[in-house]
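Everything on this sheet refers to the single structure shown next.
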Amino acid sequence: MSTRAVFYSTLLFVPISFWLGLSHASATAVFVVSCLAVLPLAGLMGEATEQLAHRCGPGIGALLNATFGNAAELIIGLIALRAGEVEIVKASITGSILGNMLMVLGVAMLVGGWRHKELLFNRRAAELGSGMMVLATVALVIPAIYASVTHHREPEHLEAISLDLSWVLIASYLASLLFQLKTHQRLFAPPREAAHRDGGPSAPAWPLWRSLGLLLGAAVLVGFVSEFLVGAIHSAGEALGLGKVFMGVVVIAVIGNAAEHATAVLMAARNQMDLAFGIAMGSSMQIALFVAPVLVIAGHLMGQPLGLEFSLLEVAAVMLSAMAVAHLASDGRTNWFEGFQLLAIYAILAVAFYYI
């Protein structure tokens, strides 16, 4: 059986997850099968995104992949928020940011660097992503400092601060898109060396309707499967001996961003590190500057306040991760060992969150 046939056979997990979820089967079974169902859907999203990237360029292609990949994360957050699971929502936000910056980018660098001695990417794009993550870190630090100074005596002020900061973050994200895709688009063109090194025959591009249809359909299915996953997470976590914070930071974040994982690694393996870097950092930026603020605003409207006050460990983890990525990406070149370093940092943080 060919690799492609094996891949398509794993799509059977999608209807099985629906059947288990609707028949109220064992929570652990629903959770595990839902995780397995997300993976082939992520592969389809990756393939469709690659086709769109051929037509639109790596910048818009990475933006499309991050947007559709984070749709599942946003749906998971809204469902959990509606159920009053504020702690899980916050943990999944932190986990998504860390997972994309460290794990996704780390695996992409490791796999791509193992196949190609050196990977090239646009240093300006890396600087933009690192700068925006510093901005996001500031937005996370300020509420935490305010809560500490006031000893949590004024929660209504903390909610108001979080709501105001959310609008600032959304405006900053939209401004970054305008800068990258419109006013300074030429600054983010891929390096010529990378373009030449990836030469070779390529298959004919899909029609636009096919790429968009597959991408949208897979994203919708990921959203439905994610709903079953969220519903089973508490019981599955207890059965597996995993805490609520660890489940949010590591498990939900990894599964919710599986689309970015698959596509970024695939692009890096094909020596398209620009697209891989854009997917990983673009998704982190989108979570921190768009998804998190939207969840804060949605929580305000639902009567489920979600502040931007994160724990000291979560804030420190995001800050240190942003610094590590900025340092490793400063020269526009990378290799497998730098990817290994990012994965080591992610493992260290995961161990810390496991014991919370």
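The values are calculated or read from the model by the stated rules, or taken from the named source; none is laboratory data. Bear in mind the structure is a predicted one, so any value in this text is a computation, not a measurement. Neighbour counts run over all protein chains shown; Cβ positions are idealised from the backbone, glycine included. Protein only, heavy atoms only, side chains kept; ligands, DNA and RNA dropped before computing areas. Shrake-Rupley method; radii C 1.70, N 1.55, O 1.52, S 1.80 Å.
Which of the listed residues, Met273, Tyr146, Leu98, is farthest toward the dipole's positive end in the chain, when Lys, Arg count +1 and Asp, Glu count -1 at the beta-carbon?
Farthest towards the positive end: Met273.
Can you show me the helix-derived [θ] at 222 nm for the chain, built from DSSP H runs with n ≥ 4 at -39,500 (n - 2.57) apiece and divided by the number of residues, rounded to the nearest 500. Could the numbers behind the result be given before it?
Details: 16 runs with 263 residues, N = 356.
After summing the helix terms and dividing by residue count, I get -24500 deg cm²/dmol.
Considering only protein heavy atoms, what per residue accessible area in square angstrom results for the chain with a 1.4 angstrom probe?
Solvent-accessible surface per residue comes out at 45 Å².
Specify the longest stretch of the chain that does not include any exposed loop site, a site being one of the trypsin sites (Lys or Arg not before Pro) with a non-H, G, I, E, B DSSP assignment and at most 10 other Cβ atoms within 10 Å. Present the calculation step by step, with values, prior to reporting the outcome.
Working: sites that count: Lys117, Arg153.
Between the exposed loop sites, the longest stretch runs 154-356.
List the DSSP H helices in the chain whose Cα atoms stretch 20 Å or more along the helix axis and whose mean Kyte-Doolittle hydropathy is at least 0.5. Write out the running numbers ahead of the final one.
Numbers: long enough: 27-56 (42 Å, 1.12); 58-82 (35 Å, 1.20); 123-149 (38 Å, 1.23); 155-178 (35 Å, 1.02); 208-240 (45 Å, 1.40); 312-328 (24 Å, 1.95); 336-354 (27 Å, 1.54).
For the chain, where a helix must reach 20 Å along its axis and average at least 0.5, the hits are 27-56, 58-82, 123-149, 155-178, 208-240, 312-328, 336-354.
Magnitude of the Cβ-charge dipole of the chain, K/R +1 and D/E -1, about the Cα centre, nearest 20 debye?
My answer is approximately 980 debye.
Show log10 I(q)/I(0) for region 237-356 at q = 0.22 Å⁻¹, two decimals, from a solvent-free Debye sum over equal Cα scatterers.
Debye curve over Cα of region 237-356, log10 I(q)/I(0) at q = 0.22 Å⁻¹: -1.50.
Put +1 on the Cβ of every Lys and Arg and -1 on every Asp and Glu Cβ in the chain; which of Ile79, Tyr8, Pro305 then has its Cα farthest towards the positive end of the dipole?
Positive-most Cα among the choices belongs to Tyr8.
Report the charge-dipole magnitude of region 258-356 in Debye, nearest 20, computed about the Cα centre from +1 at each Lys and Arg Cβ and -1 at each Asp and Glu Cβ. Can you show the working numbers first?
On the way: 2 positive and 6 negative charges, 27 e Å.
The calculated dipole for region 258-356 is roughly 120 debye.
Ignoring everything but the protein chains, give the 1.4 Å probe accessible area of Leu174 in square angstrom, nearest 10.
The accessible area comes out at roughly 100 Å².
Give the lysines whose C-alpha is closer than 18 Å to that of Lys244, dropping any in the same chain fewer than 8 places away, or say none.
Partners within reach: Lys90.
How many percent of the accessible area of the chain is carbon or sulfur, using a 1.4 Å probe? Please report the intermediate quantities before stating the final value.
Working: 10830 of 15980 Å².
Answer for the chain is 68 percent, counting heavy atoms of protein chains only.
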